[in-house]
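Asker: Following this message is one structure expressed as structure tokens.
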Amino acid sequence: MNPLQEEILALLAQNQGGLSSQEIRDGLNEPPHLRTIQRRLSALLVGQQITAAGKGKATIYKLSTPTTTDKNLRRSNSPQIEESYETYIPLSEPGREIYSYVNRPRGGRIPVGYEREFLDTYTPNETWYLGEMTRKHLRQIGDAGVLERPAGTYGRAILSRLLIDLSWASSRLEGNTYSRLDTENLIQYGNYANGKDALEAQMILNHKAAIELLVDEAEATGYDVYTFLNLHGLLSENLMPDPNASGRLRSRPVQIGGSVFVPTAVPQLIEECFRQILNKASKIRDPFEQAFFILVHIPYLQPFEDVNKRVSRLGANIPLIKKNLCPLTFIDVPDKAYIDAMLGVYEMNRVELLKDLFIWAYERSTREYVVVRKSLADPEPFRLRYRQQLHELVANVVRSKQLEILQMIKQYTDENVPEDDRAAFVELVQDEIKRLHPGIIARYRLRQSEFTAWQKARKLRKNN
């Protein structure tokens, strides 16, 4: 038991009538953030050292009586009891209310349809899903130390790690069975896992391409129709029953398995609300509120025939990447926790359970990236300065399938690079071409077919 839990127990021992979470915080010597206290209270509840009565802010916590504690300890030691996610993801009282409702049998929940008022009543920078203290907390832990650098600087520095983490975690929430190691081998080396469905590899590679778009085009991407249609196009490539539906808003009804929520089937309403969501999101000044708003409203509208939640998860990272904040990777987010939180949005128009999960998930992500951040060297200045030209020229070389490439490189360099830097740039391009492999071709907006054709041409040249 940590010192904070011991102090809470001592405080409750002095107040046998019980205390609310805020009263507990007020009574501590060095009170931490209220969410930290709620986390410790949740752990004490799991350990049956305290009890809770009431709802919401009126919840009162008391020390357990010896009899109650002994009885519950015996129950908690039973091998039949499995740990559930709410034992380590601290839930607020409103979050617990939602959790209780969405875990009723489907027949015990009221069927509902899309409520446009849920979106209409949100006013950017006046309505807040995330409170001020929460936003400050997230900004503090998400500060990667490069906030003043150009958009996407931090994302490019951690790109190799981000591609694996976010592709794997987001795909896993969709039922993908690739392990993290399988994902790493696929993304870095192009190796497909044995015994896995090809659709699983496609899902991960689609994530990779979409993440690279968000990082490479950090300055240009935003909460606009073009970005989100293309984001869907990348994430849904080769996965849609109707290929024509990729990158397009839906025009037919969809259903959500296991839910009593029925999304709207009116194409005009879908397009209006889709544009309204993006318009409101673009006006939100706080990046975390922006991210959370998209996580709520894109899945709730279901603007696409499929892949909506994937679009929302990557879309939530747009402001974080642009502002050089730590990304939200969804590492270790339990699929049931995510489903329950989304059901709260779908069926109740309530965001508290998703907010609890969002805060925990971002704290988890930032802890992962603290180590990564400390191990990073600054990007090579020369490569960073000529990054756009490098990407353009490498793509031109591959697509042209020319075998005598040195003249092509020199001609491009003479036209696009100052004289003092030309020799170094030519060397950089040559090294980059030598290192080309399937795991990095999306960086240059190259397709697998283009890269394969180039490789075949080179192989024929060597054999002849």
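Read-outs throughout are calculated quantities, based only on the coordinates presented, and are distinct from any laboratory measurement. Not measured: the values here are computed from a predicted model. All Cβ positions, glycine included, derive from the backbone under ideal geometry; neighbour counts span all protein chains shown.
Asker: If you average the alpha carbon positions of segment 417-433 and of segment 194-255, how far apart do those two centres end up, in angstrom?
Answerer: Comparing the Cα centres of segment 417-433 and segment 194-255, I get a distance of 34 Å.
Asker: Rank 29, 394, 41 by how far each Cα sits towards the positive end of the charge dipole of the chain (+1 on Lys, Arg Cβ; -1 on Asp, Glu Cβ) and give me just the farthest.
Answerer: Working it through, the farthest residue towards the positive pole turns out to be 394.
Asker: Here is a further query. Between segment 268-341 and segment 25-40, what's the alpha-carbon centroid distance in Å?
Answerer: Here the two parts' Cα centres lie 30 Å apart.
Asker: Along the charge dipole of the chain, pointing to its positive end and built from +1/-1 on Cβ of Lys, Arg, Asp and Glu, which listed residue (312, 13, 119) has its Cα farthest out?
Answerer: Toward the positive end, the furthest listed residue is 312.
Asker: Still on this structure, please answer the following. Given the convex hull of the Cα atoms of segment 106-375, what is a quarter of its surface area in nm²?
Answerer: Mean shadow area of the hull around the Cα atoms is 14.0 nm².
Asker: Here's another thing I want to ask about it. Distance cut-off 18 Å, Cα to Cα: go down the list 401/456; 322/355; 434/459; 401/434; 283/322; 196/456 and report the pairs above it. Write out the running numbers ahead of the final one.
Answerer: Values: 401/456 9 Å; 322/355 22 Å; 434/459 14 Å; 401/434 15 Å; 283/322 15 Å; 196/456 27 Å.
Long pairs (Cα-Cα over 18 Å): 322/355; 196/456.
Asker: Another question about this same structure. Students often forget the sequence filter, so: which aspartates and glutamates lie under 12 Å Cα-Cα from residue 323 once same-chain residues fewer than 8 apart are removed?
Answerer: Once the sequence-local aspartates and glutamates are set aside, what remains near residue 323 is 143, 148, 219, 286.
Asker: At q = 0.17 Å⁻¹, what is the log10 ratio I(q)/I(0) for segment 213-355, with the Debye formula run over Cα points and no solvent?
Answerer: -0.98
Asker: Taking the Cα atoms of segment 192-267, report the difference between the largest and smallest coordinate on each principal axis, in whole Å and largest first.
Answerer: The Cα atoms of segment 192-267 stretch 40, 36, 23 Å along their principal axes.
Asker: Which percentage, to the nearest 5, of the DSSP beta bridges contained in the chain is antiparallel?
Answerer: Counting DSSP beta bridges with both partners in the chain, the antiparallel share is about 75 percent.
Asker: Which residue, 288, 276, 448, has the largest displacement toward the positive end of the dipole of the chain when charges sit on each Cβ (Lys, Arg +1; Asp, Glu -1)?
Answerer: Of the candidates, 448 comes out farthest on the positive side.
Asker: Sticking with this one: Evaluate the charge dipole of the chain about its Cα centre and quote only its size in Debye, nearest 20, assuming +1 on the Cβ of each Lys and Arg and -1 on the Cβ of each Asp and Glu.
Answerer: 720 debye
Asker: Taking the Cα centre as origin and putting +1 on Lys and Arg beta-carbons and -1 on Asp and Glu beta-carbons, what dipole magnitude results for segment 106-375, to the nearest 20 debye?
Answerer: 420 debye
Asker: With +1 on the Cβ of every Lys and Arg and -1 on the Cβ of every Asp and Glu, and nothing else charged, how large is the dipole of segment 381-463 about its Cα centre, in debye rounded to the nearest 20?
Answerer: In total the dipole reaches around 660 debye.
Asker: Given the chain reduced to its alpha-carbon atoms as identical point scatterers, what log10 I(q)/I(0) does the Debye formula return at q = 0.10 Å⁻¹?
Answerer: -0.83
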